[in-house]
Amino acid sequence: MSLKVVLKPHEKVIIGGAVLRNGSIASHLHVENKVPVLRQKDIMVEGEANTPCKRIYLIVQLMYIGDGLTPELSQIYWTLVEDIVKAAPSMKDLLSSISQFIVNGEFYKALRKSKELISYEEELLRHVSERS
């Protein structure tokens with residue numbers, strides 16, 4: 001079964017590690033084999049990873065579109081997890097779910113769960129700023 005991707009005009013997509021930009025009209029693509037696919041709305045660039053949880057997302061994204069859990073990405077990931085749990089123990093369950101997906105090689109699921117982590121981080125930061 002193929003994956004159907006409908007691209008808006010000028011939308012970017014990553015397919016199998018290649019960054020593609022659509023032309024001036026909508027396009028319909030059918031991805032016939034199993035490769036990583038990320039739409040523009042799900043792509044995070046390094047400059048956007050300005051919080052610990054966004055850095056987790058970026059690292060998981062690199063695992064998903066790259067070579068998986070490499071030693072370098074593993075070290076960065078686990079250091080971030082440790083730092084986040086120390087600062088906000090309430091994130092432990094979400095991080096545990098993400099980590100389990102990573103260990104199982106389910107990087108897309110880990111990426112989706114990382115979006116929940118970012119939302120939770122934003123909620124915590126809102127509460128902190130409201131108290132100040």
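The values are calculated or read from the model by the stated rules, or taken from the named source; none is laboratory data. No experiment lies behind these values; they were computed from the predicted model shown. Note that each Cβ is placed from the backbone with ideal geometry, even for glycine, and that neighbours are counted across all protein chains shown.
One table, with the values for the structure above:
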{"item": "Among (1) over 9 Å from the mean Cα position of the chain (by Cα); (2) surrounded by fewer than 17 Cβ atoms within 10 Å (Cβ to Cβ); (3) within 25 Å of V13 (Cβ to Cβ) - the single one L38 does not satisfy", "result": "(2)"}
{"item": "Subset of the range 97-121 that is more than 13 Å from the chain's Cα centre (by Cα) and surrounded by 13 or more Cβ atoms within 10 Å (Cβ to Cβ) - its residue that is nearest to G66 (Cα to Cα)", "result": "Q100"}
{"item": "Selected residue [surrounded by 11 or more Cβ atoms within 10 Å (Cβ to Cβ), hydrophobic (A, V, I, L, M, F, W, C) and in the same structural domain as E116 (by TED's automatic domain parsing)] from L7, L20, L29, L58", "result": "L58"}
{"item": "Checking L94 against (1) without any contact (Cβ under 8 Å) to a residue 40 or more places away in the chain; (2) in a strand (DSSP E or B); (3) surrounded by 17 or more Cβ atoms within 10 Å (Cβ to Cβ), the condition it does not meet", "result": "(2)"}
{"item": "Residue list for the range 1-38, filter: within 16 Å of Y108 (Cβ to Cβ) and touching a residue at least 12 places away in the same chain (Cβ under 8 Å)", "result": "L3, V5, V13, I14, I15, G16, G17, V31, V35, P36, V37, L38"}
{"item": "Any hit, the range 42-50, residues being in a loop (DSSP other than H, G, I, E, B) and among the β-branched types (V, I, T)", "result": "yes"}
{"item": "Qualifying residue in the range 74-92 (condition: under 17 Å from L38 (Cβ atoms), modelled with pLDDT of 95 or more and basic (K, R))", "result": "no"}
